[in-house]
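The structure under discussion appears below in the form of structure tokens.
Any read-out appearing in this document is the output of simple, stated calculations on the displayed coordinates, not a laboratory observation. Quick caveat, the model's predicted, so the values are computed rather than measured. Every residue, glycine as well, gets a Cβ built from its backbone with ideal geometry; the counts of neighbours run over all protein chains shown.
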Amino acid sequence: MPGMTNTLRKLWISPDDYLSAERVAELRHEYVDGEIFAMVGASRRHATIVGNLFVAIRQAARARGCSAYANDVKVRVEAANAYYYPDLVATCAPSDDDPYVVHAPALIVEVLSDSTEAIDRREKRANYQKIPSLREIVLVAQDDRRVEIYRRDGPHWVADIVTEGDLTLTALDLTLPLTALYED
């Protein structure tokens, strides 16, 4: 029939509607410019690495008057109209008083998995780099000892790849052995 089209329309969701729904949702979802994406569960290896890092990051953050959170706290990326759940986030902003969202992170950590690596490396890292307060993005490999640290250096970002020795997170003035991340 002339004039008919097969147009698939996506439902656009406002940030406020997303935040309201997410507070009561049984599953976590990330939000990118009007669309929501369900989060998948993590492996035990993933959870162990996140736990090992969280202990060190939380202590370093507290020593500096900052806060650190694992898994269930969203980060707002205003420039991308997005909300993400990083594996770990630290903030040193005293005015970050939203109980569910960090608006001014200093450090973000993503532990890579087969199902999330492409999104973590491209979309999320590119969007995280738009957050003015962010000083470091850390991507941690699960299956081999490899940590990529992206650091803000003025207007640019520089990459540091660690495969042995110590891991240094300048955002929290923290140094820890790479072996500590992969313990257990």
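Just for segment 1-137, what percent of DSSP beta bridges are antiparallel, to the closest 5? Walk me through the intermediate numbers first.
On the way: 17 of 21 bridges.
Just about 80 percent of them are antiparallel.
Can you tell me the dipole magnitude for segment 20-143 around its Cα centre, using point charges on the Cβ only (Lys, Arg +1; Asp, Glu -1), in Debye to the nearest 20? Display every interim value, and only then the final one.
Working: 15 positive and 18 negative charges, 91 e Å.
Result for segment 20-143 is approximately 440 debye, rounded to the nearest 20.
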Handout entry: Helix-only [θ]222 nm of the chain, DSSP H runs n ≥ 4, -39500 (n - 2.57) each, per residue, nearest 500
Key = -6000 deg cm²/dmol
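Suppose R0 equals 35 Å; then what is the FRET efficiency for R145 and F37 from their Cβ-Cβ distance, rounded to the nearest 0.05? Working shown, then result.
Working: r = 29 Å, r/R0 = 0.84.
The pair R145/F37 has a calculated efficiency of 0.75.
What length, rounded to one decimal in nm, is gained on full extension from A126 through to R28, with 0.36 nm per residue of separation minus their alpha-carbon distance?
Working: separation 98, 0.36 × 98 = 35.28 nm, distance 2.16 nm.
Extra length from A126 to R28 when fully extended: 33.1 nm.
Sort W157, W12 so the one with the fewest other Cβ atoms within 10 Å of its own Cβ comes first.
Values: W157 16, W12 9.
The fewest-first ordering by Cβ neighbours comes to W12, W157.
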Fill in the blank from the handout: Stretched fully, the stretch from A93 through R45 gains (0.36 nm per residue minus C-alpha distance, one decimal, in nm) 14.2 nm
Fill in the blank from the handout: The alpha-carbon center of segment 26-89 and that of segment 139-176 are separated, in whole Å, by 17
Exercise for the section: Write down the Kirkwood hydrodynamic radius of segment 43-181, to one decimal in angstroms, obtained as one divided by the mean of 1/r over all alpha carbon pairs. Expected result: 14.9
Handout entry: Acute angle (nearest 10 degrees) that the helix 44-63 long axis makes with the longest principal axis of the chain, alpha-carbon atoms
Key = 70
